[in-house]
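Undergrad: Got a structure here, written out as structure tokens. Questions coming.
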Amino acid sequence: MAGAESFPETYGTRLTLRDMPAAVCAWISRSFAAEADRYFLWIPAFMSAGIGTYFSLPFEPQFWLAMAAPMACGLLLWLLRRWPAAALCAAALFATSVGFSAAVWRAERIAAPVLERPLSGTLVGRAKSVEKTGTGALLAVIAPHSFTGLTDEQLPAKVRLNIRVRDAVLRPGAVVELRARLMPPPEPVSPRGFDFARQAWFQGLGAVGFAYSKPIEIEAPSGADAQLMRLRMAIGDRMRSVIGGTSGAVAAALVTGERAGIPDDVSEDLRSAGIYHVLAISGLHMVLFAGSFFWGIRAGLALIPGLALRYPIKKWAAAVAILGASFYLAISGGAIATQRAWLMITIMFIAVILDRPALSMRNVALAAILVLLWRPESLIGAGFQMSFAAVVALIAFYESDMARRWTTAPRGYGVADWPGLAATYALGIALTSIVAGAATGAIAAYHFNRIAIYGLAGNIAAMPVVGIVVMPMALAALLLMPFGLDAPALWAMGWGVETMLDVAEEVSSWGGADRLVPAAPLHALLLVVLGGLWMSLWRERWRFAGALPIVLGLAVWGSAPRPDVLIDRDASLVAVRMADGKLALTASRPDYAARQWLRYEGDHRSPRDAARPEPMKCDGDGCAYAEDGRYAIAFSATLDAVAEDCTKADIVIARVAVPHRMKDECGAAFLLDWFHFWRNGATEVTFAADGSIVVVTARQLRGERPWVQRLGG
């Protein structure tokens, strides 16, 4: 191909320094032209740029302007259609504007009331979903019909409740009444931290809370959704009762998506072993589940010569596989990752029906376009990023000449060939794990600050069991369950799950299996992703230039801001950076905030170990931190403590509201009180090299967006 020509082949065997720029430009031009059939693959990337722009804005854009942007860009594309280079630029701009408009449209369409302040009262509503935790508590999502003190216009669309009342029973689809404490979705625990309120906004959750009393059913479950939810719970209960123990909880999670019953230590083992992705019902599960349908039905029909020779049984099997995948989507709870996986597998089987390649980069791009139009907020989630990164990287790898020669090499299938087939299967799992791990490693490190060092070993040991035993037996159990013949299949599935958990426990016990890494800046992740896309979506030699942004992204990975002081959203917890670079906490609670801060630092210490080290002194009125050559910082819990600390400390952080007169008389160089945190939320303070103090708040970085609580709320 022309794009694959090297410089000497085109410009002679010698190039002078003067000729080099022209040669590079000509080579790039030919390479770009040779990739014309790959331009379509970049549409999701430009749509993502538009969606990312929406989420990065500090304000909510005007709806009509956002809707007009694609029309204006489409007109520009039509006007420039005669000039290929300009038309491509206009097409990229059009795709970007479509992504931006899709995000604005989605935010406008799902807008619903959000609770403005904590309230207690009587809640009446319909249970949308119910999960049982390992401790016996219920996690329920309820659509309110009424709540004490709220008008119909103020009622959230959905609320999430933790029901820890003993012997509580809640049937999905039932209308219930109970006493509850509702609170607005929580803000980030640090200015640059995970924004649960934003996620809740796009899920339609307007409040979270807990129940004071047992739910009283005032209307029986009704509707198709309620029947489906009861079926889902019945399947989960059946698996937990037959398999039993932790294996039963994990088996139920693989089918119904209910992960609340899995113990925390088991989840940690799976993360450390690099196989926690098995619990997230996504592409892997859909491929194994629907693939088992496809191959099983096709093999069964192939046994009937009259059908196999006269009819397109492959297409019939693909159609049935789509129905099977749809059933799996329904009973799994329909999480966003599962919906995305269902869409991708459906496109794959439709391609089979249309006699097109099932696994192709174009199909993946089409699936990404549909997901981004349907759920633009998926872009900023780790699930979307990791699943598409893994699929794109794997297809790019298996499209390569080396992989193509290996996968298409003739193989025997006799008994004597079984050892070679087993070795080929193990090698395939190893290569898949390496490629997928390399593609998703930076994304996982960015979102979770975690790297599974021995993830390859964990996947090589566990995934054959998952693929050969666990998921096929899950399918068999579901097919046999209506007839009461599912026990043998569930026993086999339980054995496979137990084996997987044993692998996770063993691998996680190896020294350094789970390594935390410090938080990275967003631009580092963007560079790595851009480089990965460049290497995966193009086919000519210039794709290897994508290694440069990857290297640059990794080089700046550790350059995220490291504040000297972190204060929780209500000043209930403060952390200060000591001279050795580690954080010292004023307490170990609230433990969620403490764990998040330490994780962002890549610090393996527990909140208890990081609380109140030697440079920090605490009593009933607060804490004080002082080290030689550093600011003296006081954390005051009472007004009397504020008055005293103002005479001794350089910086005072008060959990109470400080009157203006006391602020004016305070001798400290810097004072933050309750009013500051009420207005601004979580805060970080950095001591600049020039002696100035830089303050960054959650409200400052979140901006004025629909999911940000209004002042005075």
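Undergrad: Inside the range 176-212, can you point out the residues that are surrounded by fewer than 19 Cβ atoms within 10 Å (Cβ to Cβ) and either under 17 Å from residue 107 (Cα atoms) or β-branched (Val, Ile, Thr) (or both)?
TA: Within the range 176-212, 196, 199, 203, 204 qualify.
Undergrad: May I ask you to say which residue of 378, 387 is under 27 Å from residue 256 (Cβ atoms), in contact with a Phe, Trp or Tyr (Cβ under 7 Å, 6 or more places away or on another chain) and part of a helix (DSSP H, G or I)?
TA: Values: 387 fails: in contact with a Phe, Trp or Tyr (Cβ under 7 Å, 6 or more places away or on another chain).
Being under 27 Å from residue 256 (Cβ atoms), in contact with a Phe, Trp or Tyr (Cβ under 7 Å, 6 or more places away or on another chain) and part of a helix (DSSP H, G or I) holds for just one of 378, 387, which is 378.
Undergrad: If you take the residues of the range 326-364 that are over 23 Å from the mean Cα position of the chain (by Cα) and outside any helix (DSSP H, G or I), which of them is farthest from residue 316 (Cα to Cα)?
TA: Top of the filtered list is 360.
Undergrad: Condition test on residue 421, is it farther than 23 Å from residue 528 by Cβ, over 27 Å from the mean Cα position of the chain (by Cα), surrounded by fewer than 21 Cβ atoms within 10 Å (Cβ to Cβ) and modelled with pLDDT under 90? Steps first, please.
TA: Numbers: farther than 23 Å from residue 528 by Cβ: yes; over 27 Å from the mean Cα position of the chain (by Cα): yes; surrounded by fewer than 21 Cβ atoms within 10 Å (Cβ to Cβ): yes; modelled with pLDDT under 90: yes.
It is true that residue 421 is farther than 23 Å from residue 528 by Cβ, over 27 Å from the mean Cα position of the chain (by Cα), surrounded by fewer than 21 Cβ atoms within 10 Å (Cβ to Cβ) and modelled with pLDDT under 90.
Undergrad: Restricting attention to the range 3-56, and to residues there that are in a helix (DSSP H, G or I) and at pLDDT below 70, which single residue is surrounded by the most Cβ atoms within 10 Å (Cβ to Cβ)? Steps first, answer last, please.
TA: Of the range 3-56, the ones in a helix (DSSP H, G or I) are 3-4, 7-11, 20-34, 36-56.
Of the ones still in play, those that are also at pLDDT below 70 are 3-4, 7-11.
Values: 3: 19, 4: 14, 7: 16, 8: 11, 9: 9, 10: 13, 11: 17.
Per the stated criteria, the residue is 3.
Undergrad: State all residues of the range 666-713 that are modelled with pLDDT under 90, loosely packed, with under 13 Cβ neighbours inside 10 Å and either within 29 Å of residue 201 (Cα to Cα) or touching a Ser or Thr at 6+ places or on another chain (Cβ under 8 Å) (or both); if no residue qualifies, say none.
TA: 710, 711, 712, 713
Undergrad: Would you pick out the residues in the range 562-621 that are touching a strand residue (DSSP E or B) at 6+ places or on another chain (Cβ under 9 Å) and small (Gly, Ala, Ser)?
TA: Listed by number, the residues that qualify are 571, 575, 584, 587, 588, 593, 594, 602, 610, 611.
Undergrad: Further question: I need every pair where a residue in the range 657-668 that is in the same structural domain as residue 640 (by TED's automatic domain parsing) has its Cβ under 6 Å from the Cβ of a residue that is assigned to a helix (DSSP H, G or I) and of a type outside the set (D, E, K, R), sequence separation at least 6 or different chains.
TA: So the pair list comes out as 657/674; 657/675; 658/642.
Undergrad: Could you tell me which of the residues 540, 506 is within 25 Å of residue 454 (Cα to Cα) and either outside the structural domain of residue 194 (by TED's automatic domain parsing) or surrounded by 22 or more Cβ atoms within 10 Å (Cβ to Cβ) (or both)?
TA: Numbers: 540 fails: within 25 Å of residue 454 (Cα to Cα).
Residue meeting the stated conditions: 506.
Undergrad: So which of 331, 322 is closer than 29 Å to residue 37 by Cα, touching a residue at least 12 places away in the same chain (Cβ under 8 Å) and either among the basic types (Lys, Arg) or in contact with a helix residue (DSSP H, G or I) (Cβ under 7 Å, 6 or more places away or on another chain) (or both)? Show your work before the answer.
TA: On the way: 331 fails: closer than 29 Å to residue 37 by Cα.
The match here is 322.
Undergrad: Let me ask something else about it. Residue 472: surrounded by fewer than 17 Cβ atoms within 10 Å (Cβ to Cβ) and in a helix (DSSP H, G or I), yes or no?
TA: Details: surrounded by fewer than 17 Cβ atoms within 10 Å (Cβ to Cβ): no; in a helix (DSSP H, G or I): yes.
Spelling it out, it is not the case that residue 472 is surrounded by fewer than 17 Cβ atoms within 10 Å (Cβ to Cβ) and in a helix (DSSP H, G or I).
Undergrad: Determine if the range 299-310 includes at least one residue that is of a type outside the set (S, T, N, Q), crowded, with 19+ Cβ neighbours inside 10 Å and in a helix (DSSP H, G or I).
TA: No, because not a single residue in the range 299-310 is of a type outside the set (S, T, N, Q), crowded, with 19+ Cβ neighbours inside 10 Å and in a helix (DSSP H, G or I).
Undergrad: Scanning for something at pLDDT 95 or above, small (Gly, Ala, Ser), surrounded by 16 or more Cβ atoms within 10 Å (Cβ to Cβ) and not in a helix (DSSP H, G or I), does the range 158-175 turn up at least one residue?
TA: Scanning the range 158-175 turns up no residue that is at pLDDT 95 or above, small (Gly, Ala, Ser), surrounded by 16 or more Cβ atoms within 10 Å (Cβ to Cβ) and not in a helix (DSSP H, G or I).
Undergrad: Going through 243, 218 one at a time, which residue ends up being surrounded by fewer than 21 Cβ atoms within 10 Å (Cβ to Cβ) and either out of contact with any Gly (no Cβ under 7 Å at 6 or more places or on another chain) or within 24 Å of residue 471 (Cα to Cα) (or both)? Give the steps one after another, and end with the answer.
TA: Working: 243 fails: surrounded by fewer than 21 Cβ atoms within 10 Å (Cβ to Cβ).
Just one listed residue meets the conditions, 218.
Undergrad: I would also like to ask the following. Given the conditions (1) part of a helix (DSSP H, G or I); (2) at pLDDT 90 or above; (3) not aliphatic (A, V, I, L, M), and given that residue 210 satisfies all but one, which numbered condition is not satisfied?
TA: Every condition holds for residue 210 apart from (1).
Undergrad: Follow-up question, since we're still on this one. Could you say which residue among 511, 531 is without any contact (Cβ under 8 Å) to a residue 40 or more places away in the chain, within 22 Å of the chain's Cα centre (by Cα) and either surrounded by 19 or more Cβ atoms within 10 Å (Cβ to Cβ) or not assigned by TED's automatic domain parsing to the domain that holds residue 549 (or both)?
TA: On the way: 511 fails: within 22 Å of the chain's Cα centre (by Cα).
Just one listed residue meets the conditions, 531.
Undergrad: I'd like the residue in the range 138-155 that is touching a strand residue (DSSP E or B) at 6+ places or on another chain (Cβ under 6 Å) and outside any strand (DSSP E or B) and, out of all such residues, is nearest to residue 114 (Cα to Cα). Give the steps one after another, and end with the answer.
TA: Our first condition is that a residue be touching a strand residue (DSSP E or B) at 6+ places or on another chain (Cβ under 6 Å); within the range 138-155, this holds for 138-149, 155.
Add one more test, that the residue is outside any strand (DSSP E or B), and what stays is 148-149, 155.
On the way: 148: 15, 149: 14, 155: 8 Å.
Result: 155.
Undergrad: Here is a follow-up. Give the residue that is farthest from residue 448 (Cα to Cα), with candidates limited to residues of the range 599-618 that are crowded, with 16+ Cβ neighbours inside 10 Å and touching a Ser or Thr at 6+ places or on another chain (Cβ under 8 Å).
TA: Top of the filtered list is 616.
Undergrad: Another one. Evaluate the following for residue 537: is it among the aliphatic types (A, V, I, L, M) and farther than 27 Å from residue 34 by Cβ? Walk me through it before giving the result.
TA: Details: among the aliphatic types (A, V, I, L, M): yes; farther than 27 Å from residue 34 by Cβ: no.
Taking the combined requirement at face value, the residue does not satisfy it.
The values are calculated or read from the model by the stated rules, or taken from the named source; none is laboratory data. Nothing here was measured: the structure is a model prediction, and the numbers come from that model. Cβ: placed from backbone, ideal geometry, glycine included. Neighbour counts: every protein chain shown.
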